[in-house]
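What follows is a set of notes on a single structure, which appears directly below.
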Amino acid sequence: MSGQLPVAPPALEAALGYRFRDGALCQTALTHTSWLNETAAEGRSDNERLEFLGDAVLALVISDLLMRRLPTRAEGELTRMRAGLVSEGGLARAASSIDVGRWILLGKGEERTGGRSRPSILADAFEALMGAVYLDGGLAAAAEVAARLFDPMLTDVEQHARLDYKSRVQERAQALWQVAPVYEVVGEAGPDHDKRFEVSLSLCGREYGRAGGRSKKEAEQAAAAQALAKLDRPTPPPEAP
(Lines give C-alpha, C1' and ligand atoms only; values in the text may rest on other atoms or scores of the structure.)
Protein backbone atom coordinates (compact mmCIF):
# COMPACT_ATOMS: atom_id res chain seq x y z
CA MET A 1 0.00 0.00 0.00
CA SER A 2 1.50 3.34 -0.99
CA GLY A 3 0.68 6.87 0.12
CA GLN A 4 -0.82 7.89 3.41
CA LEU A 5 -1.89 5.07 5.68
CA PRO A 6 -5.07 5.38 7.72
CA VAL A 7 -4.07 5.72 11.37
CA ALA A 8 -5.35 2.23 12.21
CA PRO A 9 -6.99 0.30 9.34
CA PRO A 10 -10.31 -1.12 10.61
CA ALA A 11 -9.82 -4.30 8.58
CA LEU A 12 -6.46 -4.90 10.22
CA GLU A 13 -7.87 -4.21 13.68
CA ALA A 14 -10.65 -6.71 12.98
CA ALA A 15 -8.12 -9.35 11.91
CA LEU A 16 -5.99 -8.69 14.98
CA GLY A 17 -9.01 -8.76 17.23
CA TYR A 18 -7.76 -5.57 18.84
CA ARG A 19 -8.78 -1.93 18.49
CA PHE A 20 -6.06 0.66 19.07
CA ARG A 21 -6.64 3.54 21.41
CA ASP A 22 -3.62 5.32 19.92
CA GLY A 23 -3.77 4.59 16.21
CA ALA A 24 -0.42 6.30 15.65
CA LEU A 25 1.25 3.27 17.24
CA CYS A 26 -0.30 1.03 14.62
CA GLN A 27 0.80 3.46 11.90
CA THR A 28 4.38 3.39 13.15
CA ALA A 29 4.38 -0.42 13.35
CA LEU A 30 3.51 -0.56 9.64
CA THR A 31 6.05 2.03 8.49
CA HIS A 32 9.05 0.39 6.84
CA THR A 33 12.30 2.33 6.86
CA SER A 34 12.39 2.35 3.05
CA TRP A 35 9.16 4.39 2.90
CA LEU A 36 10.44 6.85 5.49
CA ASN A 37 13.73 7.30 3.63
CA GLU A 38 11.92 8.14 0.40
CA THR A 39 9.27 10.45 1.84
CA ALA A 40 11.27 12.13 4.61
CA ALA A 41 7.95 12.61 6.42
CA GLU A 42 8.34 14.91 9.41
CA GLY A 43 7.38 13.59 12.81
CA ARG A 44 7.24 9.98 11.61
CA SER A 45 9.31 7.00 12.76
CA ASP A 46 9.93 3.63 11.19
CA ASN A 47 8.95 0.40 12.93
CA GLU A 48 12.39 -0.73 14.09
CA ARG A 49 12.05 0.30 17.75
CA LEU A 50 8.61 -1.30 18.00
CA GLU A 51 10.04 -4.41 16.33
CA PHE A 52 12.69 -4.57 19.07
CA LEU A 53 10.00 -4.37 21.76
CA GLY A 54 7.67 -6.82 20.02
CA ASP A 55 10.43 -9.42 19.86
CA ALA A 56 10.66 -9.41 23.66
CA VAL A 57 6.88 -9.36 24.11
CA LEU A 58 6.44 -12.40 21.84
CA ALA A 59 9.20 -14.32 23.61
CA LEU A 60 7.34 -13.85 26.90
CA VAL A 61 3.78 -14.54 25.76
CA ILE A 62 4.71 -17.54 23.60
CA SER A 63 6.75 -18.98 26.48
CA ASP A 64 3.73 -18.62 28.74
CA LEU A 65 1.41 -20.25 26.19
CA LEU A 66 3.76 -23.20 25.70
CA MET A 67 4.18 -23.78 29.44
CA ARG A 68 0.41 -23.74 29.97
CA ARG A 69 -0.38 -26.03 27.05
CA LEU A 70 2.54 -28.46 27.50
CA PRO A 71 3.01 -28.74 31.27
CA THR A 72 5.12 -31.90 31.15
CA ARG A 73 7.72 -30.77 28.63
CA ALA A 74 11.28 -29.95 29.69
CA GLU A 75 12.83 -26.50 29.40
CA GLY A 76 15.07 -27.46 26.49
CA GLU A 77 12.14 -28.76 24.45
CA LEU A 78 10.04 -25.67 25.18
CA THR A 79 12.96 -23.48 24.10
CA ARG A 80 13.19 -25.29 20.76
CA MET A 81 9.44 -25.05 20.22
CA ARG A 82 9.41 -21.33 21.01
CA ALA A 83 12.32 -20.75 18.64
CA GLY A 84 10.34 -22.33 15.82
CA LEU A 85 7.19 -20.34 16.56
CA VAL A 86 8.94 -16.96 16.74
CA SER A 87 11.34 -17.66 13.88
CA GLU A 88 11.12 -15.56 10.75
CA GLY A 89 9.01 -18.24 9.11
CA GLY A 90 6.62 -18.55 12.05
CA LEU A 91 6.17 -14.79 12.36
CA ALA A 92 5.69 -14.37 8.61
CA ARG A 93 3.02 -17.08 8.70
CA ALA A 94 1.19 -15.27 11.51
CA ALA A 95 1.50 -11.98 9.62
CA SER A 96 0.15 -13.52 6.41
CA SER A 97 -2.84 -14.96 8.27
CA ILE A 98 -4.09 -11.41 8.87
CA ASP A 99 -2.79 -9.92 5.60
CA VAL A 100 -0.28 -7.57 7.23
CA GLY A 101 1.57 -7.15 3.93
CA ARG A 102 -1.39 -5.26 2.49
CA TRP A 103 -0.95 -2.45 5.00
CA ILE A 104 2.83 -1.98 5.19
CA LEU A 105 4.16 1.34 3.89
CA LEU A 106 7.10 0.49 1.61
CA GLY A 107 9.48 2.47 -0.54
CA LYS A 108 9.12 2.12 -4.28
CA GLY A 109 12.22 -0.03 -4.58
CA GLU A 110 11.01 -2.52 -1.98
CA GLU A 111 7.58 -2.52 -3.58
CA ARG A 112 8.99 -3.39 -7.01
CA THR A 113 11.11 -6.23 -5.67
CA GLY A 114 8.27 -7.99 -3.86
CA GLY A 115 8.89 -6.62 -0.38
CA ARG A 116 5.23 -6.79 0.53
CA SER A 117 5.40 -10.61 0.62
CA ARG A 118 9.01 -10.97 1.78
CA PRO A 119 9.14 -13.07 4.98
CA SER A 120 11.70 -10.83 6.70
CA ILE A 121 9.60 -7.69 6.17
CA LEU A 122 6.39 -9.45 7.23
CA ALA A 123 8.05 -10.88 10.35
CA ASP A 124 9.48 -7.49 11.34
CA ALA A 125 6.13 -5.77 10.84
CA PHE A 126 4.36 -8.42 12.90
CA GLU A 127 6.82 -8.00 15.76
CA ALA A 128 6.31 -4.23 15.55
CA LEU A 129 2.53 -4.68 15.69
CA MET A 130 2.87 -6.82 18.81
CA GLY A 131 5.04 -4.11 20.35
CA ALA A 132 2.38 -1.55 19.45
CA VAL A 133 -0.41 -3.65 20.98
CA TYR A 134 1.64 -4.02 24.16
CA LEU A 135 2.23 -0.27 24.49
CA ASP A 136 -1.38 0.51 23.68
CA GLY A 137 -3.20 -2.11 25.72
CA GLY A 138 -0.69 -3.84 27.99
CA LEU A 139 0.61 -7.37 28.31
CA ALA A 140 -2.81 -8.99 28.64
CA ALA A 141 -3.92 -7.52 25.31
CA ALA A 142 -0.72 -8.67 23.59
CA ALA A 143 -1.08 -12.16 25.06
CA GLU A 144 -4.69 -12.39 23.85
CA VAL A 145 -3.74 -11.38 20.30
CA ALA A 146 -0.80 -13.81 20.24
CA ALA A 147 -2.90 -16.68 21.58
CA ARG A 148 -5.48 -16.18 18.84
CA LEU A 149 -3.05 -15.80 15.95
CA PHE A 150 -0.63 -18.53 16.99
CA ASP A 151 -3.33 -21.05 17.94
CA PRO A 152 -3.01 -23.12 14.72
CA MET A 153 0.77 -23.35 15.14
CA LEU A 154 0.48 -24.10 18.86
CA THR A 155 -1.98 -26.88 18.07
CA ASP A 156 0.51 -28.34 15.59
CA VAL A 157 3.21 -28.22 18.27
CA GLU A 158 0.95 -30.01 20.79
CA GLN A 159 -0.01 -32.74 18.34
CA HIS A 160 3.61 -33.30 17.34
CA ALA A 161 4.64 -33.48 20.99
CA ARG A 162 1.99 -36.05 21.85
CA LEU A 163 2.71 -38.21 18.81
CA ASP A 164 6.39 -38.21 19.67
CA TYR A 165 6.15 -39.70 23.19
CA LYS A 166 6.48 -43.37 22.19
CA SER A 167 9.45 -42.86 19.90
CA ARG A 168 11.19 -40.74 22.51
CA VAL A 169 10.69 -43.38 25.21
CA GLN A 170 12.17 -45.99 22.89
CA GLU A 171 15.19 -43.78 22.13
CA ARG A 172 15.81 -42.99 25.80
CA ALA A 173 15.46 -46.60 26.96
CA GLN A 174 17.78 -47.80 24.24
CA ALA A 175 20.38 -45.15 25.05
CA LEU A 176 20.22 -45.75 28.81
CA TRP A 177 19.89 -49.51 29.10
CA GLN A 178 19.73 -51.02 25.59
CA VAL A 179 16.18 -52.25 26.20
CA ALA A 180 12.85 -51.70 24.47
CA PRO A 181 9.64 -50.65 26.22
CA VAL A 182 6.91 -53.29 26.59
CA TYR A 183 3.28 -52.17 26.32
CA GLU A 184 0.50 -54.33 27.76
CA VAL A 185 -3.26 -53.80 27.79
CA VAL A 186 -4.16 -54.33 31.44
CA GLY A 187 -7.81 -53.31 31.34
CA GLU A 188 -10.82 -52.57 29.14
CA ALA A 189 -14.11 -50.96 30.09
CA GLY A 190 -17.25 -49.67 28.44
CA PRO A 191 -19.42 -50.73 25.49
CA ASP A 192 -17.91 -51.34 22.07
CA HIS A 193 -18.89 -47.89 20.78
CA ASP A 194 -17.30 -46.13 23.79
CA LYS A 195 -14.58 -48.45 25.03
CA ARG A 196 -11.62 -47.29 27.11
CA PHE A 197 -8.32 -49.10 27.40
CA GLU A 198 -5.74 -49.11 30.16
CA VAL A 199 -2.14 -49.76 29.14
CA SER A 200 1.02 -50.27 31.18
CA LEU A 201 4.55 -49.57 29.98
CA SER A 202 7.41 -51.59 31.44
CA LEU A 203 11.19 -51.57 31.14
CA CYS A 204 13.02 -54.74 32.22
CA GLY A 205 9.93 -55.85 34.11
CA ARG A 206 9.45 -52.58 36.05
CA GLU A 207 6.38 -50.48 35.35
CA TYR A 208 7.21 -46.92 34.26
CA GLY A 209 3.77 -45.77 33.13
CA ARG A 210 0.09 -46.72 33.27
CA ALA A 211 -2.65 -44.72 31.57
CA GLY A 212 -6.01 -44.94 29.86
CA GLY A 213 -7.40 -43.80 26.52
CA ARG A 214 -10.19 -44.25 24.03
CA SER A 215 -7.92 -46.42 21.92
CA LYS A 216 -4.91 -48.59 22.60
CA LYS A 217 -2.67 -46.12 20.78
CA GLU A 218 -3.95 -43.18 22.81
CA ALA A 219 -3.39 -45.09 26.05
CA GLU A 220 0.12 -46.09 24.95
CA GLN A 221 0.97 -42.46 24.20
CA ALA A 222 -0.26 -41.37 27.62
CA ALA A 223 1.70 -44.13 29.35
CA ALA A 224 4.78 -43.14 27.36
CA ALA A 225 4.37 -39.52 28.53
CA GLN A 226 4.42 -40.73 32.14
CA ALA A 227 7.49 -42.84 31.47
CA LEU A 228 9.31 -39.91 29.93
CA ALA A 229 8.72 -37.81 33.04
CA LYS A 230 10.40 -40.54 35.09
CA LEU A 231 13.22 -41.08 32.61
CA ASP A 232 14.01 -37.36 32.70
CA ARG A 233 14.98 -37.85 36.35
CA PRO A 234 18.27 -39.70 36.90
CA THR A 235 17.51 -43.25 38.05
CA PRO A 236 19.52 -46.48 38.36
CA PRO A 237 18.92 -49.02 35.60
CA PRO A 238 15.91 -51.24 36.22
CA GLU A 239 16.66 -54.72 37.44
CA ALA A 240 15.33 -57.68 35.54
CA PRO A 241 12.85 -59.74 37.56
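Which residues, taken from the stretch 190-208, are more than 12 Å from A224 (Cα to Cα) and modelled with pLDDT of 90 or more? Show your work before the answer.
First pass over the stretch 190-208, keeping only residues more than 12 Å from A224 (Cα to Cα): 190-198, 204-206.
Across the stretch 190-208, the qualifying residues are F197, E198, C204, G205, R206.
The residues of the stretch 71-87 that are surrounded by 19 or more Cβ atoms within 10 Å (Cβ to Cβ) and either of a type outside the set (A, V, I, L, M, F, W, C) or not assigned by TED's automatic domain parsing to the domain that holds A128 (or both), listed by number, are R73, R82. Checked against (1) over 19 Å from the mean Cα position of the chain (by Cα); (2) in a helix (DSSP H, G or I); (3) not aliphatic (A, V, I, L, M), R80 passes all but a single condition, namely (1). Without any contact (Cβ under 8 Å) to a residue 24 or more places away in the chain and within 17 Å of G137 (Cα to Cα) - does that describe any residue in the stretch 76-93? No, the stretch 76-93 contains no residue that is without any contact (Cβ under 8 Å) to a residue 24 or more places away in the chain and within 17 Å of G137 (Cα to Cα). Among the candidates G90, G109, G131, G101, the residue that is in the same structural domain as A56 (by TED's automatic domain parsing), part of a helix (DSSP H, G or I) and surrounded by fewer than 16 Cβ atoms within 10 Å (Cβ to Cβ) is uniquely G109.
Beta carbons closer than 9 Å, at least 6 apart along the sequence or on distinct chains, pair a first residue in the stretch 52-69 that is more than 29 Å from H32 (Cα to Cα) with a second that is modelled with pLDDT under 95 and outside any helix (DSSP H, G or I) for L66/R73; M67/R73. Modelled with pLDDT under 85, more than 27 Å from R69 (Cα to Cα), in contact with a strand residue (DSSP E or B) (Cβ under 7 Å, 6 or more places away or on another chain) and surrounded by fewer than 19 Cβ atoms within 10 Å (Cβ to Cβ): is that true of P238 in this structure? Yes: the conditions hold for P238. The C-beta contact set for the stretch 17-45 (first residue within 14 Å of L105 (Cα to Cα) and of a type in the set (A, V, I, L, M, F, W, C), second residue at pLDDT 90 or above and part of a loop (DSSP other than H, G, I, E, B), distance under 6 angstrom, 6+ apart or interchain) comprises C26/F20; A29/N47; L30/I104; W35/L106; W35/G107; L36/D46. Of the set (1) closer than 23 Å to L65 by Cα; (2) modelled with pLDDT of 90 or more, all apply to A225 but (2). Taking the conditions (1) surrounded by fewer than 17 Cβ atoms within 10 Å (Cβ to Cβ); (2) part of a loop (DSSP other than H, G, I, E, B) in turn, A140 satisfies each one other than (2).
Among the residues of the stretch 44-66, is any surrounded by fewer than 16 Cβ atoms within 10 Å (Cβ to Cβ) and touching a strand residue (DSSP E or B) at 6+ places or on another chain (Cβ under 9 Å)? Yes: the stretch 44-66 contains one or more residues that are surrounded by fewer than 16 Cβ atoms within 10 Å (Cβ to Cβ) and touching a strand residue (DSSP E or B) at 6+ places or on another chain (Cβ under 9 Å).
The values are calculated or read from the model by the stated rules, or taken from the named source; none is laboratory data. It should be emphasised that the depicted structure is a prediction, and the values quoted were computed from it without experimental measurement. Every residue, glycine among them, receives a Cβ derived from its backbone with ideal geometry; neighbour counts consider all protein chains shown.
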